[in-house]
1. Put a dot 7 Å past each Cα toward the Cβ at B:ARG148 and A:ASP284; how far apart are the dots in nm?
2. Where a ≥ b ≥ c are the square roots of the eigenvalues of the C-alpha gyration tensor, would you call region B:99-146 rounded, which needs a/c under 1.5, or, failing that, prolate if a/b is larger than b/c, or oblate?
3. What does the C-alpha gyration tensor say about the overall shape of region A:3-153? Classify as rounded when a/c is under 1.5, otherwise prolate if a/b is larger than b/c, or oblate.
4. Can you pull the one-decimal nm distance between simple spin-label points at A:PHE122 and B:ASP97, each 7 Å off the Cα toward Cβ?
5. Could you give the DSSP H helices of chain A that reach 30 angstrom or more along their long axis (alpha carbon positions) and whose average Kyte-Doolittle hydropathy is no lower than 1.0?
6. Can you grab the distance from the C-alpha centre of region A:65-136 to the C-alpha centre of region B:134-154, Å, no decimals?
7. Place a +1 charge on the Cβ of each Lys and Arg in region A:1-133 and a -1 charge on the Cβ of each Asp and Glu, then give the dipole magnitude about the Cα centre in debye, rounded to the nearest 20.
8. Which value in deg cm²/dmol, rounded to the nearest 500, describes the helix-derived mean residue ellipticity at 222 nm for the protein assembly as shown, given -39,500 (n - 2.57) per DSSP H run of n ≥ 4 and division by the residue count?
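We did not get these values from a lab; they are worked out from the coordinates using the rules stated. Just so it is clear, the structure is predicted and the values come from calculations on it, not from any experiment. Don't worry about glycine lacking a Cβ; one is built from the backbone with ideal geometry, like all the others, and counts go over all protein chains shown.
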Amino acid sequence: MIDFAARLRWTVWAALGVVLGALYGPFAVGDSNVYASPGLTLFAFFTLVGVWLVAGVLLVAGSLGRRSSLALIFACAACLVAVTVNLPAQLQTDGVNWGFGSFGWFLVLLALDRPLRVVGPFLALPAVLSLAVVAASSVASVEAVSAVFVRALVVAGPQLVVAFASAQLQLNAEKAADAAQRQRRVRSANSVAAALDSDRQRRMQVVREAIEPVLRELSSVGTRPLDEDLRRGCLVAAARVRRLLAESNAGDDPLVHELSASLDALQRRGLVVELAVRGPADGDIPVEQRRGLTDPLLDVVVRAASRVRVTLTRGPDEVRLAVVADVHDGADDLCSVTTGDMREGVEVSAGHVGGVSWLRTRWVR
Amino acid sequence: MAADSVGEVNGDRLGVVVVDDHPAVVAGIRLWCAETDRLEVVAGGPTPAVAWTSPGSEAAVVVLDLQLRGMREPGWGELTRLVAAGRRVIVYSMRDDERTVLRSLDIGCATYLTKAEGEAHLVAAVLAAVDDQPYLSPALAGAMTVDRAPDRPRLTERESQVLLAWFQCESKEVVAEMCGLSPRTVSGYLDRVRIRYARVGRPARTKASLVARALQDGLIGLDDL
């Protein structure tokens, strides 16, 4: 629509140029003796030519706004009044009344983006002025009035058609733009909903993987007291769920945020948990790698007897996490389960010496 | 201020002055030092003035809290003045960010300890300082591990591995197990790293003493200089 409006304006502007130069120019300049005030009407004509030129410049610059359009329309109306009142009644419908034929086209050019109900009544302004001059003269007759009406119909008819067509096209374009906007919104909402659902499903899957074995074990326990493995399983599951919850509201340092959330669940057991972080905050570690880095550590932390040290070092090439804990039970299981594992490109290594277990994860970017 | 002439109190014991605005910290360090047969806290207080007036001014080692009450920024000026006066300063701070740690090291502190590192590291660091021997705390190791400054010393791959492991586990036995080395070799690597940093830092008496002692102990050779 924007292209169409611009093209239509340029067409009207070019047509006005031809009308002013070839049709009304000879009348305005050559027949100046018919006007009551030849100088004033000549000035008015050239003012109208000036308006045409200024409109062209503003169109090129793309700055034909509402205020400038209104100012130019007032200038045109003043020219129309000047030429109409300076002509005798019998020449109101003649070619020498260049304002009658040109004002409407200026209105179409300058108010193309306005609704037809606003522009339409002003298209009748030349006819109203001419009728006033005829009515005030001594030659007022039915024929003279009819002549004004006939000329008004001939002149304003095409102008009304162009203004109507423009208004309709603009209306259709606005409707189409609204429809397209609604479709885009619907598509965006759908894709956001799909992404949220997928993320929810993914989280649910991870939560399920963490919790299901524990629940299965719990269902088979009956009235027996919980054994140590099951207790650890519960703790790991709780820590993973806390970390998953933390994934949804992480700030600019999600790994530390999730790590703290995981450790928080375990700290409540009364463990002394020390977290030391070195290197700048890093928001670019993908969630899979963050899980790959943190998950194996939980197996060590839940086995700790009293003290855990967790360290995180981040550099431009790699991220390393390590946990060192005093582990008395299950240290051998830990080493056999985790050493040499690779998960999401994260290397895992572990060991045990003198009552201290350690586990390290490393992700190379 | 040589360790064998200045700072001695009560015969063989060496004086330590503690600048910390938490009385509990001063009391804790006093107790830890008393439990050794070589150290004694001779003065302690909440302002650096305690290190400049007797008996604190004669102490062999200054344990300095970098951020005393009312300070918005770490006390870089105080640390610089103490180092420039030839004092052996151990920074003992709550702050553990690598910028603070590395800047303290660059100014010329003997070592940097976080308050979480506690008794074992503090006493060992003070003893190392009075003997002009390097001491590299895990907090310092962590900061060196992520050091990306253009003028940082170049470490060998093995030194980097040991440094990282030391930061991660705070136990030389565990580091030895992790890296397949003996605990003594681990200590050697850590000392060498500390000396490398001492050599690239700003000139300071503490650093000069560290390097001289490292030469005497054969930790580095003349070729390394």
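1. 0.9
2. Here region B:99-146 falls in the oblate category.
3. Prolate shape, in that a/c is at least 1.5 and a/b is the bigger ratio.
4. Result: 6.3 nm between the two label points.
5. Span-like helices in chain A: A:38-61.
6. A separation of 85 Å, based on Cα centres.
7. Dipole of region A:1-133, to the nearest 20 debye: 420 debye.
8. -19000 deg cm²/dmol
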